[in-house]
Amino acid sequence: MASCTALSSSIVEYFQGDGFYRCGYCKNESGSRSNGMWAHSMTVQDYQDLIDRGWRRSGKYVYKPVMNETCCPQYTIRCRPLQFQPSKSHKKVLKKMLKFLAKGEISKGNCEGEPMEPLMEDTIAGDVALINKLDVQCGLTKLGDNLKEREEKKGKSAKKAESCELIQSQDKRAKLGSGEPAQSVAVPTAPKPGKGADLSKPPCRKAKEIRKERKRLKLMQQNTAGEREGLQAQREPPSLFSPEAKSNQPKALEDLIFESLPENASHKLEVRLVPVSFEDPEFKSSFSQSLSLYVKYQMAIHQDSPDECGKTEFTRFLCSSPLEPETPPNGPDCGYGSFHQQYWLDGRIVAVGVIDILPYCVSSVYLYYDPEYSFLSLGVYSALREIAFTKQLHEQTPQLSYYYMGFYIHSCPKMKYKGHYRPSDLLCPETYVWVPIEQCLPALENSKYCRFNQDPKAVDEGRSQEPDRVQVFYRKAIMPYGVYKKQRRDASEEADVLQYASLVGQACAERMLLFRS
């Protein structure tokens, strides 16, 4: 019916989730429940507002888990790229890629348990007639490492770092011959000759004090002239701190990704952004290669049969999008809509990240890659590239500043990896406000379903308050629901319309067209 109009509005059909389906996370045969709608077309602003209310698309099917009833509640998660700092494991992946590109080195340290490979499925359940009970996989990467083990390693690394810092501090003072600091500075000095002190075993309990003091001295150096004099009174040469201050600045994600390669590099990696459209020459010319890669990935990683991952399935889930492309003057150069981010290695596609570029975010849909290159941890690598890409788009369009990673399922250990991209927020399922994930985790440890907003009086500000203003598309005409129900005089569908309005919110209910046959 969308083709019958020259409208730029979203046109959707809503289907109430009146049954339970097999869960792709805990494998409960009748534990998953969601509501959904088939989007004949959708504006990027409407979809942005919908995912900010807990919706998610798979192909043209847009669904929302019934959070307080489904067995594995799925919380919308977003990362804040502008404040993102890669972790040690993230840096390890980036360095591994650079070594491979520069020298062709294949890392042998690809230990089991590292958060590097995609595995888990994001499963939706919808109307049988429309999507044939499709299980749609929308995972990013498997970050299935043991959290407890990571914390232990982190603790050991911290202690080791403290010891190293103390030794370095003492060695530098000894080499520079600056002598002991004034009494007001409580930094341990190098031991005097003849005392027999062992520098390899510094007192760990004082390392924290050393770091605090060093930080204080650096701040003094950067402050007013009077404070600089105070720094000199401590008899510390300024040159001691300048290099350290510089080295303490963490490298930006972009610097790690786009580190220069030698002219005789062993491999060439190119990332191309291609609109998802058969009218686009680049998308059309690479379709066959992209499809072959998808089939290879699904069969190797998810053990799909050839019948389960053919051209029809590939097109339906990863090439068909309801989003209408938009190129507003104040938007990014590439415009808004659905895209494939293709990773070309030495002239052939080895990975494809399916993404949506929306007014406020880049939304990750899916990733598939050549299993032969699993050693490159392409799941993590592509996520980091997408975070960096979001920052690039932000420079063009300041309001576009978030990276959405789909759903976070705390009750499923293999899906917790998304919480490792910090800082990140989870969406409160009742008031639809964003809450830092650190504040949500304690509650999720006690209960699968949680309201994250701590204000008991807070309500959904975008809730439907005037259902009669819902826009209905009926017999090629657009009308408010209040008018439509008088024409039809059929109260049997009122419950569905009211539920639809409550789930999409008042703004979307008034903009989107609810198709009624």
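Every number here is computed from the coordinates shown, using simple stated rules; none is lab data. Quantities reported herein were computed from a predicted structural model and do not represent experimental measurements. Quick reminder, even Gly has a Cβ in these numbers, built from the backbone with ideal geometry, and neighbours come from all protein chains shown.
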Could you work out the relative contact order of the stretch 320-451, using alpha carbon pairs under 8 angstrom and six or more residues apart, expressed as a whole percent? 15 percent
So, in nm, how far is label Lys251 from label Val66 when the simple model puts each one 7 Å beyond its Cα toward the Cβ? 5.0 nm
Can you tell me how the stretch 305-389 classifies by the Cα gyration tensor, rounded, prolate or oblate, using a/c under 1.5 as the rounded cut? oblate
Gain in length, Ala102 to Arg422, computed as 0.36 nm per residue apart minus the alpha-carbon separation, to one decimal in nm? 112.3 nm
Can you give the FRET efficiency to the nearest 0.05 for Ser288 and Ser320, using r as the Cβ-Cβ distance and R₀ = 22 Å? 0.80
Which peptide among 340-349, 30-39, 60-69, 443-452 comes first, and what is the full order, when sorted by highest mean count of other Cβ atoms within 10 Å? 30-39, 60-69, 340-349, 443-452
Mind checking the full-extension length gain between Glu466 and Tyr449? Use 0.36 nm per residue of separation minus the Cα-Cα distance, one decimal, nm. 3.3 nm
Specify whether the C-alpha gyration tensor of the stretch 347-437 places it in the rounded, prolate or oblate class, a ≥ b ≥ c being the square roots of the eigenvalues: rounded for a/c under 1.5, otherwise prolate if a/b is larger than b/c and oblate if not. oblate
How long is the gain from Ser374 to Gln392 if the chain were fully straight, where each residue apart is worth 0.36 nm and the alpha carbon distance is subtracted? 3.8 nm
